[in-house]
1. Among the residues of the range 263-276, is there at least one that is surrounded by fewer than 20 Cβ atoms within 10 Å (Cβ to Cβ) and away from ligand 1 (no atom under 15 Å from the Cβ)?
2. Sort through 450, 390 and tell me the only one that's at pLDDT 95 or above, crowded, with 19+ Cβ neighbours inside 10 Å and in a helix (DSSP H, G or I).
3. Please count how many residues of the range 825-849 are under 24 Å from residue 640 (Cβ atoms), touching a helix residue (DSSP H, G or I) at 6+ places or on another chain (Cβ under 8 Å) and free of Cβ contacts under 8 Å to residues at least 60 places away in the same chain.
4. So which pairs qualify, if the first residue must be in the range 106-135 and on the phi > 0 side of the Ramachandran plot, the second must be assigned to a loop (DSSP other than H, G, I, E, B) and within 16 Å of ligand 2 (Cβ to nearest atom), the Cβ gap must be under 6 Å, and the two must be at least 6 apart or on different chains?
5. How many residues does the range 284-306 hold that are within 16 Å of ligand 1 (Cβ to nearest atom) and outside any helix (DSSP H, G or I)?
6. Check 538, 605, 577 and return the single one that is assigned by TED's automatic domain parsing to the domain that holds residue 463, touching a helix residue (DSSP H, G or I) at 6+ places or on another chain (Cβ under 6 Å), buried (at least 19 other Cβ atoms within 10 Å of the Cβ) and in contact (Cβ under 8 Å) with a residue 12 or more places away in the chain.
7. Do you know which residues across the range 359-387 are assigned to a helix (DSSP H, G or I) and more than 18 Å from residue 832 (Cβ to Cβ)?
8. Does residue 205 satisfy the criteria of being under 21 Å from residue 329 (Cβ atoms), more than 15 Å from ligand 1 (Cβ to nearest atom), more than 22 Å from the chain's Cα centre (by Cα) and surrounded by fewer than 20 Cβ atoms within 10 Å (Cβ to Cβ)?
Ligand code: 0A1
Ligand code: ZN
């Protein structure tokens, strides 16, 4: 049976809450089977409410109501109404005290929203609407209050009892029970509430803040993981220091706690003073985690920490404003990681991720603005658009108003709105105020979906003469938004001479400069430069990726090769290579033949790069990599993904085959990389070593396979072990089986490392993909109720295994559809996420597209969750 379409919520319907909550007390009688919650709150009519006698809405989802009193008495007949959304309480006076006793069932909660059990511990996830699965409450982000929380539980099963804020009391009780009372002095919305009850080991450290206060840092993990905590704690301290130095933000409570949880839907959660983390983003040792894992952990730890200001102290008025905290916090964590890494490569990694994931989202059926204006299920809006594109908007604001002004604006923002729930308009208004600029046109970036396409044309008069740049822009239609207005695009450019040096010039009336930020705010604009010091050999466009747009600058192969050889902007240098790779692929697909002259020129440019002693290893490793299929697919209206992948791999092979000797010659310089050092430089050298190995294997260098075997055997770190495995994972060769079998045996009992094995098996295009899939689902380490396990198998299968996922009889789509259906019954949020690759049916060739659509239609006819239904209906619309 099909249920009705999920009802949408509209930004325009926003109304302030009818009541404010003046204080809140929560008493938990904790047990896995049933937990009883006593909720006491003082409410008062909100002077800003639209209707003076509106009822109090308390949301509740799957919570049993045990009793309810208003000022100590049962509400009179008819005043308390229970409906599908929870409770409505009519006839309240100006102020009242409510006491609600309710019950929930953590052990049965496979959805992992609200209070649930994971590895025998109890924990919570409340963002965005999980608090209503714990108790009845006005569960919306603009209802802020102070919390006093009492936890009571079995002393042996749950020796550790944690909640937000400071522990003010604890003690023993009869019957083997104990309790703890926690108070959080800061106002917070319910989505930031958290509790943990469990048997956990605590790793401690301290941090002295810039004003000299000592903060206790506590990291809670299962006892057997106690030796994998050092990196997370060190990362936390670095993040705390960075936020003080770069943003002037100091931590506010006396304790900062992080708890690692095995079963978790997302990466981590910024609950006030008590972050909950997917164990994957906490636990690391050189034997179990790769350099990439170390970097990801550092960045997620920082992200959650930075939320303490951008999200917690200043929060969102409603969920349409999600990017207010997420875009800003991603921007902040990107700045932090940039500070810890070398040579602009972090920026390249971020752009690569934006292109591979956010651009397709923005061009597909799920496209939505950074600040959406309606949603059917808010869980589905924790997207790359809200997070990553949102961060790009913040970065563009900084580029437009300048670093110092931007920093001043942030200070004003945090000070003015401390303790409040605000909007993205409030944020932009502060930036307009401090800069004295009209940023209203900029706000279209928040309300318009789709990636703008920019074209650039130039003309020059020669040295001493003029240059003219004409830029045009257009944003394609997206669902519900046919017509788009121009947006404000900061385009950073420089002219390079024949030696790669920057040429100076000036704009009319402007100073002599060697780099400009052109502001394109109309459909078409021309910018003039005068008195060029030389004739440009190349133009370095969109330096640092100054705006999230798709640029067509029509550059010739020689010009791109020049940029690749010389550009001092790491992004622009990488981009030159990417443009060449994209052009070669496009030619193969569109003309059914390789452009041999182009490919020879690329090979020549790559050869020069490999000879360049000055280039940083990590930058070289990054530049050598071809774009992934996901990103390449965006070049075409519709494309056969299997063919696209084959052409990509074939191009890689052709380009690198003549370069195997050159690659091998670099190797001796990288022989000492497995040295346990975790500096950016050491990690960059390992990355290069692994990239060269993989490229040599892809280029059929016979010597490379035994080297991969040897590297695996000798490896002292997970980075080198995975480097070897990745290199051989697409080879139908005994070496692959031998290494994978060894890896499985070695890490069978280590779930986080085992996920890497699942990913390698599921993501490999080697023949027999469906049999491998079956075997993985039968593996004793696999569990449908653990999101990491499910993602480790289904994710790479859909993302990297084109041959099987897109098998032309539709088997891949039916399998994945079936898995999504199965998962949806347990965990709708994760199911809706994993269904997303199926929504891209209009991008693949018609034969396959129809099979994908058929699978979506099949799911649409079932009784599925609201999360999954929302995704499917938008995909089919
Ligand atoms: N605010 C978290 C992300 C997050 C969102 C939803 C969750 O569960 C439904 C969990 C975490 C962050 O940005 O890190
Ligand atoms: Zn976040």
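1. Scanning the range 263-276 turns up no residue that is surrounded by fewer than 20 Cβ atoms within 10 Å (Cβ to Cβ) and away from ligand 1 (no atom under 15 Å from the Cβ).
2. 390
3. 5
4. These pairs meet every condition: 112/265; 114/130.
5. So the answer is 0.
6. Selected residue: 538, the only one of 538, 605, 577 that is assigned by TED's automatic domain parsing to the domain that holds residue 463, touching a helix residue (DSSP H, G or I) at 6+ places or on another chain (Cβ under 6 Å), buried (at least 19 other Cβ atoms within 10 Å of the Cβ) and in contact (Cβ under 8 Å) with a residue 12 or more places away in the chain.
7. Within the range 359-387, 359, 362, 363 qualify.
8. no
The values are calculated or read from the model by the stated rules, or taken from the named source; none is laboratory data. Just so we're clear, the structure is a prediction, and the values are computed from it rather than from any experiment. Methodologically, a virtual Cβ is constructed for each residue, glycine included, from the backbone with ideal geometry; neighbour enumeration extends over all protein chains shown.
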